[in-house]
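Undergrad: Let me begin by handing over the structure; questions about it come next.
Bear in mind these aren't lab numbers, they're just calculated from the coordinates by the rules spelled out. The structure displayed is predicted, hence computed values, not measured ones. All Cβ positions, even for glycine, are placed from backbone atoms using ideal geometry, and neighbour counts span all protein chains on display.
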Amino acid sequence: MINNILPTIALPTTPTLSVAGLQCIRDDRVLFDNLNFSVSGGEVLQIEGRNGSGKTSLLRILCGLALPTEGIVYWQGQDILDLQGDYWENLLYIGHLAGIKVELTPLENLQVTRALASQTTDIDLTDALAIIGLRGFEDVPVRTLSAGQQRRVALARLLVCNVPLWILDEPFTSLDKAAIQMIEGLLDAHAQRGNLVVLTSHHTVNCQQARCLDLND
């Protein structure tokens, strides 16, 4: 069923995100150095590492929200700092915090997402909330929802934004086992359609297309 929900995104070439010679220093401490990797359409890359190893810092660099001390991030072989908006319109970033408006309802939050996103699917927003496990909660203030339900509101953007690259920081936080399996299904379906995912998680991701990069190696 999930494979029928997510659209096929037509790109001229296989999408590829790569980094070369990446270094990150925070508070005079080297988090990682000379980091090199590439992830292409059809893959789910899980970033692993102990607390403080730089996982979130790496994701923020990949999104262009922070700059590396050294090195370059490439999208389709071009520096993302040169591409800027042409890169950002191809990605969806969901950080460790939900990044939603708690005074709004889940439905209103998705309406904001659809209004601001450069590329969206045509899914009915109430259907998206039902799929993500929020049937019956569409019109209640988000502040009244549990932490797991608020996380689901944030993750519902996966069904609304029609972009090839998902960058997710601890997407399974506060989710129960059934919700984790459902999100893993979305990740797998996204990759199987030729797109790519980079995520951090303390949970081992159960996806056919998943591979790991350990920052402590």
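Undergrad: Taking springs between alpha-carbon atoms closer than 10 angstrom, which of Gly54, Gly41, Gly85 fluctuates most in the Gaussian network model of the chain?
TA: Looking only at Gly54, Gly41, Gly85, the biggest GNM fluctuation is shown by Gly85.
Undergrad: Stretch Ala115-Ser146 to full length: gain in nm at 0.36 nm per residue minus the Cα-Cα span?
TA: Once the chain is fully extended between Ala115 and Ser146, it gains 8.6 nm.
Undergrad: Rounded to the nearest 500 deg cm²/dmol, what is the calculated helix-only ellipticity per residue at 222 nm for the chain, with -39500 (n - 2.57) per DSSP H run of length n ≥ 4?
TA: For the chain, the value works out to -8000 deg cm²/dmol.
Undergrad: What does the C-alpha gyration tensor say about the overall shape of the range 177-216? Classify as rounded when a/c is under 1.5, otherwise prolate if a/b is larger than b/c, or oblate.
TA: oblate
Undergrad: Suppose a student asked you for the relative contact order of the range 30-148, using Cα pairs under 8 Å spaced at least 6 residues apart; what percent would you report?
TA: Dividing the mean separation by the residue count of the range 30-148 yields 19 percent.
Undergrad: Please list 119-129, 58-68 highest first by mean number of surrounding beta-carbon atoms within 10 Å per residue.
TA: The densest-packed peptide leads the list: 58-68, 119-129.
Undergrad: Set Lys and Arg Cβ to +1 and Asp and Glu Cβ to -1, take the dipole of the chain about its Cα centre, and tell me which of Leu35, Gly21, His190 lies farthest positive.
TA: His190
Undergrad: To continue, here is another question. Calculate how many DSSP beta bridges within the range 2-214 are antiparallel, expressed in % of all such bridges and rounded to the nearest 5.
TA: Percentage antiparallel, nearest 5: 45.
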